[in-house]
């Protein structure tokens with residue numbers, strides 16, 4: 001079995017790459033180490049590994065964006081398996097494995113020897129996602145964080161607060177959107193949140209569907225329609241804890257394989273932290289899967 005470590009030096013703290021490379025030097029098995037330099041490199045490196053046609057375990061060393069690129073390159077190849085070595089600020093997908101995910105997935109020897117499972121993927125207009133897709137005010141806030149982070153002296157927390165204020169207080173929570181999910185359809189109606197889950201966590205601290213499973217062949221979809229600012233503020237904490245089922249009048253749930261949505265103006269959609277914009281989207285359960293490996297003893301069963 002070959003082992004390929006794809007390291008994103010831009011992820012995490014300044015010394016994250018040096019720390020990881022010191023750990024890699026101590027590993028008792030051969031491995032190949034490559035570094036990304038620009039967006040798309042992790043996917044291209046994974047596709048190059050796939051072209052070899054032999055079993056390889058690929059380690060996405062970075063955040064959710066690095067993992068997403070590797071997943072898109074490895075999807076549908078049964079002889080490849082991927083994992084995530086946490087170097088990013090969020091690593092939301094790994095939270096599936098519990099609060100100690102950073103220490104669990106930083107034990108590289110245990111990780112290399114661990115089991116693997118075939119995980120479902122979401123297809124969003126051709127881009128694959130492993131964790132969560134959002135298309136409401138949460139997506140616009142996430143996109144705004146990237147914008148504000150580019151300003152000199154603005155930290156991650158301040159970037160989030162500035163984006164939150166802009167999208168919620170200035171621009172407004174809802175946007176008119178046509179949404180179809182199962183037997184339900186809303187035509188150009190105000191939509192605050194549209195969230196499609198294969199994993200459980202996104203946005204740093206939100207767990208909208210606490211029992212979502214990445215291997216059950218089901219997409220868990222939540223839609224929040226028109227809500228006032230006070231109602232949104234009260235609802236946000238409950239939504240973040242996966243308590244959507246307590247608010248059936250405000251949050252509509254659907255568990256299936258496909259959802260579509262559109263608007264007259266471009267919609268901001270975030271797929272595993274990666275931003276897309278278009279006026280029409282279809283998200284469906286992909287025919288492709290990806291093998292994901294993790295340390296023995298770790299579990300992604302929900303704690304509910």
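Things worth noting here:
- Along principal axes, Cα extents of region 65-125, largest first, whole Å: 33, 25, 16
- Nearest-ten-degree value, helix 41-50 long axis tilted from longest Cα axis of the chain: 60 degrees
- Two-site label geometry, residue 238 and residue 216: point separation in nm, points 7 Å out along Cα→Cβ: 2.1 nm
- Relative contact order of region 151-230: 27 percent, from C-alpha pairs under 8 Å at least 6 residues apart in sequence.
- Measuring r between the beta carbons of residue 262 and residue 103 and using R0 = 30 Å, the FRET efficiency lands at 0.10.
- Region 248-262 and region 11-31: distance between their alpha carbon centers, rounded to Å: 42 Å
- All C-alpha to C-alpha distances of region 72-166, sorted into 10 Å bins beginning at zero, yield P(r) values of 13, 33, 34, 18, 2 percent in whole numbers.
- Contact order relative to length of the chain, as percent, for alpha carbon pairs under 8 angstrom and 6 or more apart: 22 percent
- Listed by Cβ neighbour count within 10 Å, with the fewest neighbours leading, 97, 292 appear as 97, 292.
- Taking each DSSP H run with n ≥ 4 as -39500 (n - 2.57) and averaging over every residue of the chain yields -7000 deg cm²/dmol at 222 nm.
- Cα convex hull volume per residue for the chain (Å³): 126 Å³
- Gyration tensor (alpha-carbon) shape descriptor, region 158-256, a/c threshold 1.5: oblate
- Calculated over region 1-90: convex hull of Cα atoms, volume per residue (Å³): 81 Å³
- Here the relative contact order of region 47-137, from alpha carbon pairs under 8 Å that lie six or more residues apart, stands at 26 percent.
- Rg/Rh for region 128-186, where both radii come from Cα atoms and Rh is the Kirkwood radius: 1.10
- Within the chain, DSSP assigns beta bridges of which about 70% are antiparallel (rounded to the nearest 5).
- Among 64, 123, the ranking by other beta carbons within 10 Å of each residue's beta carbon, starting with the fewest, stands as 123, 64.
- Cα-based shape type of region 88-231, given that a ≥ b ≥ c are square roots of the gyration tensor eigenvalues and the cut on a/c is 1.5: oblate
No lab work stands behind these numbers, since they all come straight from the coordinates. A quick note: this is a predicted structure, and the numbers were derived from the prediction, not measured. Glycine also receives a Cβ, built like all others from the backbone with ideal geometry; neighbour counts cover every protein chain displayed.
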